[in-house]
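Just so it is clear, none of the values below were taken in a lab; they were calculated from the coordinates. For clarity, every value in this text was computed on a predicted model and none was experimentally measured. Please note: Cβ atoms are built from the backbone with ideal geometry, for glycine as well, and neighbour counts cover all protein chains shown.
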Amino acid sequence: MTEVTQVRARPTVFLEDMGCQMNRLDSELVLGKLKREGFERVDQPADADVVLYYTCSVREHAEDKVYGRLGTLRRLKEERPEMVIGVMGCMAQNHKDLIFKRAPHVDLVVGTSRFEDVAELLDEVKHGERVMALDRKDLAFDRDISVRPRRDQAFITAMRGCNKFCTFCIVPFTQGRERSRSVTELVKEAKQLRDDGVVEITLLGQRIDTYGLDRQDGTTLAVLLERLHEDVSGLERISYLTSHPNHMSDELARAVADHPRVSRYLHLPVQSGSDRVLQEMNRGYTVDDYRRAVDVMRNRIPDLSLATDWIVGFPGETEAEFDQSVDLLRELDFHGSFVFKYSPRAGTRAFDRGDPVPRDEKARRNQVLLEEQKQISLRKNRARVGSEVDVLVEGISKRNSAKWTGRTDRNLIVCFPAGKDLTGRLVRVRLTDCTALTLFGELV
Ligand code: SAM
Ligand code: SF4
């Protein structure tokens, strides 16, 4: 009997992305480039000629996960030495050649400014070189818009980098200074996506509310939202992430309020309810400043959905200071909270202060905030039962394949039964039941 080996006509790539939406989008750009070079995407590293990880560095846990993945590839690389293994993105920029030292079977380390050159860099590896590409250069944003996980939705990078240097955060070191793309370029990309079936776009930036300021030509996020709303017909929803409290303005509040297809969801990380901790974090505002920023937006946008981030166990955070976070969470009636246990990041200013809050205490604080938020979310959702909402349908529910799921303009998740595929359509739903995270209803 002759042995049959499956020979693939095209080179194959396995790519896993980790971390934020911006990483997901950058990994789509990488896949787009490789698709043009003839690569086919596969679901398992074992089937791949090239294995790439698009990594995150925000917390230590994210980096450990990558080293774990690389460890499991060692055997595969021994069996197939021609397989190429690459680490891309924030952790590549952060760990540099340490990656080669800890995982000698890695061939390629590509930082946050060079991922567009992935095809050329892979060529260099194939010629026998181990390649590290970490230099900074302007990105061209040459995007293959057809490469994206959802047909109806797309992310757009409006800006990169961060100038804020919060003392806990690695992002300004891995992503560099703020660079905004032009309104013209972004409107053009949104139109191309719309023509390819997209009805919802989400603009991405670390401090999206500072969008345009580096261009010094009067460009602002408000201007961008207005232009997208006016010039790109057919988009049902325009969202933006993430905001910083120092840049909430009446101009932005009006741009959201006056344009119905702009999302009424604001992700505005507060991090702590203690002025002392906020100062130690170099966040640049007090709790009162944060309250005022929220008021600026809520005054013009009734029932704004306000979500936030918290860090628990920042070095020196006392129990009393943590209690101030709990009080602020209750007072501001947040729609949602993302809670993170402090993770020391080498190179940041807070790193020198060690990690004095014990792991168990961080876990407790994490749990307390999540439980408080759950109670608030449940109360808010219960008050909505009986009302009708417009839902932009995203697809079949992951939890229940008999139901469809989508979101309102306030980012509320709604599940409902429907007899046909309504993905990408705006439908009216009467709400009948809820949990803290999900609303249930029926089509009207
Ligand atoms: N640019 C956004 C901002 O200013 O809030 C968020 C960027 S960061 C990738 C997302 C969240 O991760 C932050 O809001 C913060 O709560 C959390 N984070 C950042 N560095 C952290 C660290 N060293 N330990 C724990 N959480 C961290
Ligand atoms: Fe990190 Fe602060 Fe910049 Fe957000 S604003 S990315 S938390 S440095």
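Using only the C-alpha atoms, the convex hull of segment 79-167 corresponds to 158 Å³ per residue. For segment 324-366, backbone nitrogen atoms closer than 12 Å to the point 7 Å from Arg382 Cα along Cα-to-C-beta are found at no residue. Modelled spin-label separation between Arg102 and Asp327, with each label point placed 7 Å from Cα along the Cα-to-Cβ direction: 4.0 nm. Ordered by the count of other Cβ atoms within 10 Å of each Cβ, fewest first, Cys415, Cys20, Cys90, Cys56 give Cys20, Cys415, Cys56, Cys90. The charge dipole of segment 245-384, taken about the Cα centre with unit charges on the Cβ atoms of Lys, Arg (+1) and Asp, Glu (-1), comes to about 620 debye, rounded to the nearest 20.
Among Gly313, Gly128, Gly71, the largest mean-square fluctuation in a Gaussian network model of the chain, built with springs joining Cα atoms closer than 10 Å, belongs to Gly128. Over every Cα atom in segment 284-332, the radius of gyration and the widest Cα-Cα span, Dmax, amount to 12.5, 37 Å. Taking the convex hull of the alpha carbon positions in segment 333-444 and averaging its projected area over all directions gives 9.5 nm².
Counting charges near Leu426 (Lys, Arg +1; Asp, Glu -1) among other residues having Cβ under 9 Å from its Cβ returns a value of +1. Near Glu321: Cβ cut-off under 12 Å, other residues only, Lys/Arg at +1 and Asp/Glu at -1. The net charge is -4.
Partner aspartates and glutamates whose Cα lies under 14 Å from the Cα of Lys374, excluding those fewer than 8 positions away in the same chain, are identified as Asp333.
Net length available on complete extension from Glu185 to Arg36 is 51.5 nm, with 0.36 nm assigned per residue and the Cα-Cα distance removed.
Legend: residue pairs Lys33/Lys77; Lys33/Lys188; Lys137/Lys341, Cα-Cα distance threshold 29 Å; pairs beyond threshold, Lys137/Lys341.
Taking max minus min of the alpha-carbon positions on each principal axis, the chain gives extents of 69, 56, 50 Å, largest first.
Each of Ser387, Ser263, Ser325 was scored by other Cβ atoms within 10 Å of its Cβ. Listed from fewest to most, they are Ser387, Ser263, Ser325. In segment 167-259, the inverse of the mean reciprocal separation of distinct Cα atoms equals 14.1 Å; this is its Kirkwood hydrodynamic radius. Within the same chain, lysines fewer than 8 places from Lys420 are excluded, and of the rest, those with a Cα less than 18 Å from its Cα are Lys398, Lys403. Bridging of Lys35 to lysines at a Cα separation below 21 Å is possible for Lys126, once same-chain residues fewer than 8 apart are set aside.
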